[in-house]
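The values are calculated or read from the model by the stated rules, or taken from the named source; none is laboratory data. Quick caveat, the model's predicted, so the values are computed rather than measured. Virtual Cβ from ideal backbone geometry, glycine too; neighbours counted across all protein chains shown.
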Amino acid sequence: MAHDTMNTKALALLGLGHMMVDLNTGALPALLPFLKTSLDLSYTMIGTLVLVASLSSSLIQPLFGHLSDRSARPWLLPFGVFAATCGMAAIGLASSYQSILLLVCVSGIGIASYHPEAYKTAYLATGEKKATGISLFSVGGNIGYGLGPLAVALCLTLFGQIGLLLLLLPGLLASGLLLWSLPWLARTMSTQPTTAPVLTGGTSSYAFVVVLGIVSLGACVHGGLVTYVPLYFSARGENPLMVGSLLSLLLISGAIGTLIAGPVSDRIGHKKFLVLSMGVMCPLIALFLQTSGFTSILVLTVIGMCISPMFSVTLVIAQTLMRGRLGVTAGLMTGVGIGVGGLGVAILGRLADLWGVESTMQLISVLPLLPWALVFLLPATATSHAAPLGGLPPATAEGK
């Protein structure tokens, strides 16, 4: 494969696994209103559940990334899908808060193991148009994240809690396909270049810290929306299927936004794209809270299209800055981002207990100002366009 040519087959395969992993991530927010009622949980306990899910899927991601950089470990791809699916599906058999916490941890470990290896491999498969290629891979996760709430809503509505076991069917199929495809994927990725120039000195380190801050604060906003929009509508008396459908709308619109964002960001520059997309978030969330009916659904769709692309665009910037450590970079970006986002959701849960969920949503409407302000601190030279295809140390590329 030419080094400047995008490997769409590899990206599609990785995107399928990404879809199944993040379907389980998206399933949890839709479960929260059901669990709150069935187990009589407080908002603080709900927030803690999200925090545990976030930390279990984030703290060890840099470790998996380090292992991935030392040598190719493609077996993490099918393992990640399998563990993420089994942990979430088994909640259908759980009867206590403690057992649900444990199963969420199992699912989180699967999520943590998949992302660094998958993002590293996807970066190598993108060719020259980094943001476009990573967006194609990321949209699989966005679609899964969006389908998760709808799948959970259907399972709960039709079969009750035990219906969550149905999540095993697509998850086991996807992990089996990835396992079967490992030899081909390893051969394909071994043809990629193994060295590349990287930014050096303080500029690279400074820019990476800024990018990490953007994605972490942005994850607080995103996590707040996907957690408290369902609870916001549930508090207004909407039925579970309607709540799950609205959350799916928010997340699937994020998939559309991510797909559009790649080519646009490659064309206008990553920094300019982040300034524009994140700059409209505060007024959009405020408008959403002041509307109802079809108008609120339309605004929620635009919110999803604007917030979700932040993750793929910032990841491209980070991997361009740290091209020699693609796995660790992906682990830090997704791991720290998810972890900080989960901590933010837990804090918001405590505030929801004290102030109410509507007041918490008002607070979420101003949070995007923080990551938006950090975007202006990014050096323009690190974000003007996608860099040429980088690579890994020889041991990684050759699977030694």
* Can I285 be described as in a helix (DSSP H, G or I), buried (at least 19 other Cβ atoms within 10 Å of the Cβ), at pLDDT below 85 and in contact with a Leu (Cβ under 8 Å, 6 or more places away or on another chain)? -> no
* Asked: Among all residue pairs at least 6 apart or on different chains, which show Cβ distances below 7 Å where the first residue, located in region 326-338, is over 17 Å from L51 (Cα atoms) and the second is acidic (D, E) and in a helix (DSSP H, G or I)?
  -> L326/D69; G327/D69; G327/E117; V328/D69
* Could you tell me which numbered condition W184 fails, if it satisfies all but one of (1) at pLDDT 80 or above; (2) within 23 Å of V21 (Cα to Cα)? => (1)
* Given the conditions (1) part of a helix (DSSP H, G or I); (2) in contact (Cβ under 8 Å) with a residue 40 or more places away in the chain; (3) of a type outside the set (K, R), and given that S99 satisfies all but one, which numbered condition is not satisfied? -> (2)
* **Top-ranked residue of region 109-131 - restricted to ones that are of a type outside the set (D, E) and surrounded by fewer than 24 Cβ atoms within 10 Å (Cβ to Cβ), ranked as farthest from F79 (Cα to Cα)** => K129
* To do: Quick one: V81 ticks every box in (1) under 23 Å from L28 (Cα atoms); (2) surrounded by fewer than 24 Cβ atoms within 10 Å (Cβ to Cβ) except a single one, so which number is it?
  => (2)
* From the list A30, A72, pick out the single residue that is in contact with a Ser or Thr (Cβ under 9 Å, 6 or more places away or on another chain), modelled with pLDDT under 85 and outside any helix (DSSP H, G or I). => A72
* **Matching residues, region 287-297, being in contact with a helix residue (DSSP H, G or I) (Cβ under 8 Å, 6 or more places away or on another chain) and either in contact (Cβ under 8 Å) with a residue 40 or more places away in the chain or closer than 16 Å to T360 by Cα (or both)** => L287, F288, L289, I297
* Condition test on T334, is it of a type outside the set (A, V, I, L, M) and either more than 20 Å from the chain's Cα centre (by Cα) or farther than 23 Å from P283 by Cβ (or both)? -> yes
* Asked: Does Y123 qualify as being among the hydroxyl-bearing types (S, T, Y) and more than 30 Å from G349 (Cα to Cα)?
  -> yes
* Find the residue count for region 80-96, including only residues that are among the hydrophobic types (A, V, I, L, M, F, W, C) and touching a Ser or Thr at 6+ places or on another chain (Cβ under 6 Å). => 4
* Considering each of T301, T295 in turn, give the residue that is at pLDDT 85 or above, over 19 Å from the mean Cα position of the chain (by Cα), in a helix (DSSP H, G or I) and among the hydroxyl-bearing types (S, T, Y). => T295
* **Elements of type helices (runs of 4 or more DSSP H) contained in region 323-400, each with 2 or more residues being at pLDDT below 75** => 326-355, 394-398
* Structure fact -> Within region 88-121, residues being under 18 Å from the mean Cα position of the chain (by Cα) and either under 11 Å from N24 (Cβ atoms) or polar (S, T, N, Q) (or both) number 10
* Asked: Do the conditions hold for I268, that is, is it surrounded by fewer than 18 Cβ atoms within 10 Å (Cβ to Cβ), out of contact with any helix residue (DSSP H, G or I) (no Cβ under 8 Å at 6 or more places or on another chain) and of a type outside the set (S, T, N, Q)?
  -> yes
* To do: Name every residue in region 236-294 that is closer than 23 Å to G140 by Cβ, of a type in the set (S, T, Y) and out of contact with any Pro (no Cβ under 7 Å at 6 or more places or on another chain), in order of residue number.
  => S245, S253, S265
